[in-house]
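K.L.:
Could you have a look at this structure, given as structure tokens, before my questions?
The values are calculated or read from the model by the stated rules, or taken from the named source; none is laboratory data. Quantities reported herein were computed from a predicted structural model and do not represent experimental measurements. Here the Cβ positions follow ideal geometry from the backbone for every residue, glycine too, while neighbour counts run over all protein chains shown.
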Amino acid sequence: MPLLRALALTLLVMAAPLCAAPSEYQVKAVFLFNFSQFVEWPSNAFASPDAPFVIGVVGEDPFGTQLDAAVRGESVAGHPLKVKRYRRAEDVEPCQILFISATELARFDGILSSLDGRSILTVSDIERAAERGAMIQFANQDNHLRLRINVAAAKAAGLTLSSKLLRPAEIVGERQG
């Protein structure tokens with residue numbers, strides 16, 4: 001049932017213009033939570049079977065309390081969801097999803113390099129983030145939120161993306177698998 005709820009929320013949010021009732025970052029917060037439902041992480045992505053599922057934000061946090069509200073009381077495959085904020089890339093601890101804030105534009109490539117070999121889903125709304133190696137980019141197209149996905153980057157990190165996530169997205173690079 002959580003998968004159906006996540007899919008319904010995702011489809012509803014993708015159809016709604018960004019200027020509608022929810023704010024842009026409320027919508028993005030829901031997407032970050034929903035990504036946890038449509039991506040598979042290898043078992044070694046968690047320190048222990050009861051370790052939290054962590055959504056991290058590096059740089060200035062544009063979500064405020066909206067991301068915390070989106071994940072409150074939720075869990076992923078038995079892992080309670082937790083939000084952590086990191087001021088710098090060097091502070092990033094093990095997490096499953098990392099949102100790279102637009103304030104990190106100058107350090108973007110270095111952040112991605114520092115995550116090489118780690119099974120962390122990287123997400124950003126920085127322009128051309130997917131082409132530069134982020135796995136998912138939030139893009140504003142005709143006042144609607146769109147997803148641009150770099151499948152090769154996700155595969156290199158050992159992540160498996162659901163076709164339900166890929167179908168409505170623009171794939172950057174070659175579609176694999």
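K.L.:
Test of understanding: among Phe53, Phe46, which residue is touching a Leu at 6+ places or on another chain (Cβ under 6 Å) and of a type in the set (Phe, Trp, Tyr)?
P.N.:
Phe53
K.L.:
Got a sec? Which of Phe53, Phe38 is at pLDDT 95 or above and surrounded by fewer than 20 Cβ atoms within 10 Å (Cβ to Cβ)? Don't jump to the end; show me each part of the working.
P.N.:
Values: Phe53 fails: surrounded by fewer than 20 Cβ atoms within 10 Å (Cβ to Cβ).
Every option except Phe38 fails the conditions.
K.L.:
Scan the stretch 29-40 and give yes if some residue there is free of Cβ contacts under 8 Å to residues at least 12 places away in the same chain and not charged (D, E, K, R), otherwise no.
P.N.:
no
K.L.:
Does any residue of the stretch 56-67 turn out to be in contact with a Pro (Cβ under 8 Å, 6 or more places away or on another chain) and either more than 18 Å from Ile136 (Cα to Cα) or surrounded by 13 or more Cβ atoms within 10 Å (Cβ to Cβ) (or both)?
P.N.:
Let us first name the residues in the stretch 56-67 that are in contact with a Pro (Cβ under 8 Å, 6 or more places away or on another chain), namely none.
Checked the stretch 56-67: no residue is in contact with a Pro (Cβ under 8 Å, 6 or more places away or on another chain) and either more than 18 Å from Ile136 (Cα to Cα) or surrounded by 13 or more Cβ atoms within 10 Å (Cβ to Cβ) (or both).
K.L.:
One residue is enough: does the stretch 95-102 have a residue meeting the conditions in contact with a Ser or Thr (Cβ under 8 Å, 6 or more places away or on another chain), in a loop (DSSP other than H, G, I, E, B), farther than 17 Å from Ser119 by Cβ and without any contact (Cβ under 8 Å) to a residue 60 or more places away in the chain?
P.N.:
Within the stretch 95-102 (the criterion being in contact with a Ser or Thr (Cβ under 8 Å, 6 or more places away or on another chain), in a loop (DSSP other than H, G, I, E, B), farther than 17 Å from Ser119 by Cβ and without any contact (Cβ under 8 Å) to a residue 60 or more places away in the chain), the answer is yes, since at least one residue qualifies.
K.L.:
Of the conditions (1) outside any helix (DSSP H, G or I); (2) surrounded by 12 or more Cβ atoms within 10 Å (Cβ to Cβ); (3) among the aliphatic types (A, V, I, L, M); (4) modelled with pLDDT under 90, Ala21 satisfies every one except a single condition; which number is it?
P.N.:
Going through the list (1) outside any helix (DSSP H, G or I); (2) surrounded by 12 or more Cβ atoms within 10 Å (Cβ to Cβ); (3) among the aliphatic types (A, V, I, L, M); (4) modelled with pLDDT under 90, Ala21 breaks only (2).
Matching residues to (1) assigned to a helix (DSSP H, G or I); (2) in contact with a Lys or Arg (Cβ under 8 Å, 6 or more places away or on another chain):
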| position | (1), (2) |
| --- | --- |
| Ala106 | yes, no |
| Leu112 | yes, yes |
| Val123 | no, no |
| Asn140 | no, yes |
| Lys155 | yes, no |
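K.L.:
Would you mind stating whether Asp91 is acidic (Asp, Glu) and modelled with pLDDT under 95?
P.N.:
yes
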